[in-house]
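Chemist: Quick one: structure below, then a few questions.
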Amino acid sequence: MLPFSINLRPGAPIHDQVVYAVRRAVVTGQLRPGDPFPSVRSLSVALKINPNTAHKIVATLIDDGQLVVRPGIGTFVDEFRARGSATRRATLERDSERLVIEARRAGVSLKELIATIKRYWSGTVGEEMERPLDDERNRDLKSDTALRANRGR
């Protein structure tokens, strides 16, 4: 049994799906620092995937700092470290653009998108992280509202 949840979907690369599932499990606390991570062989058997794919998944997670290898002991979930400000901002810009484009293609309104993001946000972070962002978001929303009002004139 795997220490994280995943439902493999056809059409998307297995590697990407598993890496994302592990990242999600770390951020939500389903996987905690120090938890043992399955070996390449166990991962490939549990997911019924090629061992080379399982190896690539583990290597990616190690390179990203999600996992750490302790020689002679095994592979474990590493301490969660938020990325540096510049890296985080660049990633956020790239991923946000993708999200907005896909949402617009699907006909999702901004209001629906924000509600969905809030729902997922509350499932991944504690209250202590939300408060400062609420002030930032409210300031941004107010300036966005003012901008829209000025455009209408």
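Chemist: If we keep just the residues of segment 6-19 that are assigned to a loop (DSSP other than H, G, I, E, B) and touching a residue at least 24 places away in the same chain (Cβ under 8 Å), which is nearest to residue 74 (Cα to Cα)? First the steps, then the outcome.
Modeler: Just the residues of segment 6-19 that are assigned to a loop (DSSP other than H, G, I, E, B), to begin with: 6-13.
When the remaining residues are screened for being touching a residue at least 24 places away in the same chain (Cβ under 8 Å), the result is 6, 8.
On the way: 6: 22, 8: 25 Å.
Taking the candidates together, the pick is 6.
Chemist: Can you name the number of the only condition in (1) touching a helix residue (DSSP H, G or I) at 6+ places or on another chain (Cβ under 9 Å); (2) at pLDDT 90 or above that residue 83 fails?
Modeler: (2)
Chemist: If only one of 22, 58 is under 14 Å from the mean Cα position of the chain (by Cα) and either part of a helix (DSSP H, G or I) or touching a residue at least 12 places away in the same chain (Cβ under 8 Å) (or both), which one is it? Before you say what the answer is, go through the steps one by one.
Modeler: Numbers: 58 fails: under 14 Å from the mean Cα position of the chain (by Cα).
So the residue among 22, 58 that is under 14 Å from the mean Cα position of the chain (by Cα) and either part of a helix (DSSP H, G or I) or touching a residue at least 12 places away in the same chain (Cβ under 8 Å) (or both) is 22.
Chemist: Please give the number of the condition residue 40 fails out of (1) among the hydrophobic types (A, V, I, L, M, F, W, C); (2) under 30 Å from residue 110 (Cα atoms); (3) surrounded by 11 or more Cβ atoms within 10 Å (Cβ to Cβ); (4) out of contact with any strand residue (DSSP E or B) (no Cβ under 7 Å at 6 or more places or on another chain).
Modeler: For residue 40, the failing item is (2).
Chemist: So which pairs qualify, if the first residue must be in segment 32-43 and in the same structural domain as residue 57 (by TED's automatic domain parsing), the second must be outside any loop (DSSP other than H, G, I, E, B) and of a type in the set (Phe, Trp, Tyr), the Cβ gap must be under 7 Å, and the two must be at least 6 apart or on different chains?
Modeler: 34/76; 35/76; 36/76; 37/76
Chemist: Evaluate segment 31-50: report whether one residue or more is among the basic types (Lys, Arg) and over 23 Å from residue 121 (Cα atoms). Working first, answer last.
Modeler: Taking segment 31-50 first, the residues among the basic types (Lys, Arg) are 32, 41, 48.
Subsequent filtering for residues that are over 23 Å from residue 121 (Cα atoms) retains 41, 48.
Among the residues of segment 31-50, at least one is among the basic types (Lys, Arg) and over 23 Å from residue 121 (Cα atoms), which makes the answer yes.
Chemist: Would you please list the contacts, defined by Cβ atoms under 9 Å and residues six or more apart or on different chains, that run from a residue in segment 92-113 that is under 16 Å from residue 20 (Cβ atoms) to a residue that is in a helix (DSSP H, G or I) and not basic (Lys, Arg)?
Modeler: If the second residue must be in a helix (DSSP H, G or I) and not basic (Lys, Arg), the pairs left are 99/113; 99/117.
Chemist: Moving on. Does segment 1-37 hold any residues that are in contact with a Pro (Cβ under 9 Å, 6 or more places away or on another chain), closer than 14 Å to residue 61 by Cβ and surrounded by fewer than 17 Cβ atoms within 10 Å (Cβ to Cβ), and which are they?
Modeler: Correct list: 2, 3, 35, 36.
The values are calculated or read from the model by the stated rules, or taken from the named source; none is laboratory data. Here the structure is a predicted model, which means the values were calculated and not measured. A quick note on method: Cβ atoms are made from the backbone with ideal geometry, for glycine too, and the neighbour counts reach across all protein chains shown.
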